[in-house]
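Structure incoming, see below.
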Amino acid sequence: MSYLSWFKNHSKKHQEIVKKVATFELIEYFRWENISKTDIDFCPLFAQNRKCHDISNLNCYLCACPNFRFDDSAKSLKSWCSIDSKDGAKIEHEGIIHQDCSKCTIPHDEGYIKKHFDSSWLKIMKKCHS
């Protein structure tokens, strides 16, 4: 699956949840402890009762980070971090470089989410792809 394909599919899932939850409750609703039980199809890890990041207070509202950049048409550098997070890394596979965000927790902090909040996930993520 390409980054863009995942991006579009995830946006649709996100918007469906936003439609059913009052705006003032959205951030709380996306807490891992809640959403992993109420919307199991939102993330493939939910079915395994696993988190993408082993942190307490994980919030899934910004599943995918506004600082993540991708270009599916690029020949070698497919994805990168626009802020070059110290917790990020690069993975190279078959000559193609991808961003590894597995140790970065920036977008899962409720303070960060509140700072960048919009009920439209696509609006928050608009700079991710060109």
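Sort out which residues of region 82-130 are assigned to a strand (DSSP E or B) and of a type in the set (V, I, T), and write them in order of number.
I91, I96, I97 - these are the residues of region 82-130 that are assigned to a strand (DSSP E or B) and of a type in the set (V, I, T).
Looking only at region 19-64, which residues are more than 18 Å from T105 (Cβ to Cβ), of a type outside the set (V, I, T) and not in a helix (DSSP H, G or I)?
Of everything in region 19-64, those that are more than 18 Å from T105 (Cβ to Cβ), of a type outside the set (V, I, T) and not in a helix (DSSP H, G or I) turn out to be A22, D39, P44, N49.
In this structure, is I96 more than 24 Å from S2 (Cβ to Cβ) and β-branched (V, I, T)?
no
Any chance region 71-87 includes a residue that's modelled with pLDDT of 95 or more, under 30 Å from E16 (Cα atoms), touching a strand residue (DSSP E or B) at 6+ places or on another chain (Cβ under 6 Å) and of a type in the set (D, E)?
Checked region 71-87: no residue is modelled with pLDDT of 95 or more, under 30 Å from E16 (Cα atoms), touching a strand residue (DSSP E or B) at 6+ places or on another chain (Cβ under 6 Å) and of a type in the set (D, E).
What are the pairs, 6+ residues apart or on separate chains, where a residue within region 49-61 that is within 10 Å of E33 (Cβ to Cβ) has its Cβ under 9 Å from a residue that is modelled with pLDDT under 95 and among the hydroxyl-bearing types (S, T, Y)?
If the second residue must be modelled with pLDDT under 95 and among the hydroxyl-bearing types (S, T, Y), the pairs left are L58/T105.
The values are calculated or read from the model by the stated rules, or taken from the named source; none is laboratory data. Just so it is clear, the model here is predicted, and its values are computed rather than measured. Heads up, the Cβs are rebuilt from the backbone with ideal geometry, glycines too, and the neighbour counts pull from every protein chain shown.
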